[in-house]
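Since the structure comes first, as structure tokens, the remarks are kept for the end.
Throughout, read-outs are computed from the coordinates displayed, never taken from laboratory work. This one's a predicted model, so the numbers in the text were calculated from it and none came from an experiment. Note: ideal-geometry Cβ built from the backbone for every residue, glycine included; neighbour counts use all protein chains shown.
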Amino acid sequence: MTPPVATNTPASGIATRLRRPTVALFRALPQVRGRGSVAKVVNDALLKLGAEPVAVAKMAGGYSLQVDCRLFSHCMMLYLGGSDTDELLAALLTFLKPGGVALDVGANVGSLTVPIALAAKRAGARVISFEPFSRNVEWIKNNLKLNQIEDVVTVVESGLSSEKGEATLLLREDFETGAMIGNASVAEPGNTERFQRVTIQLNTLDSLWPGFQSPRLDIIKIDVEGHEDRFLQGAKDTLAANRPVILMEVNRYFYSERGLDFNVVIPAALPPDYRFFTSRSKEVKSLAECHERDVLLVPAEKISQIHG
């Protein structure tokens, strides 16, 4: 994707040049509470002065990501270099073994596809990244190229659900900032939210998996804004046969809008004997006890590996 053209003024050029030392300063600050809020204020000021919104963030994990600074999450990646998913992602990656496959379902711009792919390359594994929105797909490919890992990732421009067909994607709050990328959700029947809508393709993992000719599915990352249960329903056979470890976003809002209980619906859609972890060392008995943003779903027979 071609980055937006910056306003060609002395102030915009200065603002863009100022961002690099400003980012370096924030990276050097102690990790105290409120550092992210201050970074956002500074970032917003630079954008108002005309700084180019698109930048390359050097992440703490040693890789790079193309980001759009108009988005809060991207601003945090640029200025702080990390993610609140890092600990659970590290735990997830310990289950990716030579010859195995990782899925990134709802890959967005590839912010997790990239570290997963780097781990896959080291392990002799591969990644299949699913993203239904074409602009996000372009950014995924740019981020893979930026890190020279295109060879281990297959990018599929499709969502994964409980059935195949066309669907409506809502381009949510991120797009109201002026960004051309960001968070989106599959519209449920009767949805009247104000967001811009585009048509996307949906498939089921069970229908696609045989075509990948892969011997083993080791891990899955799912971030699909309330569509997790639909994905699990359409992946029932593949999950039962492979029993992968799953990193899933906890987003109860979308389920409450559908009159469903996330804490009940997700376990019912999983194969038997999956356990729930909110950190590498903390298991919870049910999703009702999970108050974090993400949860790791681990088959009972693989639990011994999480502490390794």
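Calculate the dipole size of the chain relative to its Cα centre from +1 charges on Lys and Arg beta carbons and -1 charges on Asp and Glu beta carbons; express the result in debye to the nearest 20. Could you put the intermediate results ahead of the total?
Numbers: 34 positive and 35 negative charges, 225 e Å.
With only Lys, Arg, Asp and Glu charged at Cβ, the dipole is about 1080 debye.
Measuring nothing but how far apart in sequence close Cα pairs (under 8 Å, 6+ apart) lie, relative to its length, the chain scores a relative contact order of 14 percent. Less than 9 Å Cβ to Cβ from Phe95, Lys/Arg counted +1 and Asp/Glu -1: what total charge do the surrounding residues give? It works out to a net charge of +1.
Normalised by the number of residues in the range 10-80, what is the relative contact order in percent for Cα pairs under 8 Å and 6+ residues apart? Kindly include the intermediate steps, with their values, before the conclusion.
Numbers: 83 pairs, mean separation 25.5, N = 71.
Relative contact order, the range 10-80: 36 percent.
Largest GNM mean-square fluctuation across Arg258, Arg135, Arg33, computed for the chain with C-alpha springs under 10 Å, falls on Arg33.
Kindly put Val284, Val67, Val23 in sequence by how many other C-beta atoms sit within 10 Å of each C-beta, fewest to most. Kindly include the intermediate steps, with their values, before the conclusion.
Working: Val284 16, Val67 24, Val23 20.
The fewest-first ordering by Cβ neighbours comes to Val284, Val23, Val67.
List the relative contact order of the range 107-248 as a percent without decimals, with contacts defined as Cα pairs under 8 Å and 6+ residues apart. Before the final figure, lay out each step's value.
Numbers: 234 pairs, mean separation 32.2, N = 142.
After rounding, I find 23 percent.
Please work out which option in (1) 24.8; (2) 20.2; (3) 17.9 gives Kirkwood radius over Cα pairs in Å calculated from these coordinates, and answer with its label. The value matching this structure is (2). For Lys97, the lysines whose Cα comes closer than 18 Å to its Cα, not counting residues fewer than 8 places off in the same chain, are Lys121, Lys221, Lys302. What's the exposure ranking of Val109, Val137, going from fewest to most Cβ atoms within 10 Å? The order, fewest Cβ neighbours first, is Val137, Val109.
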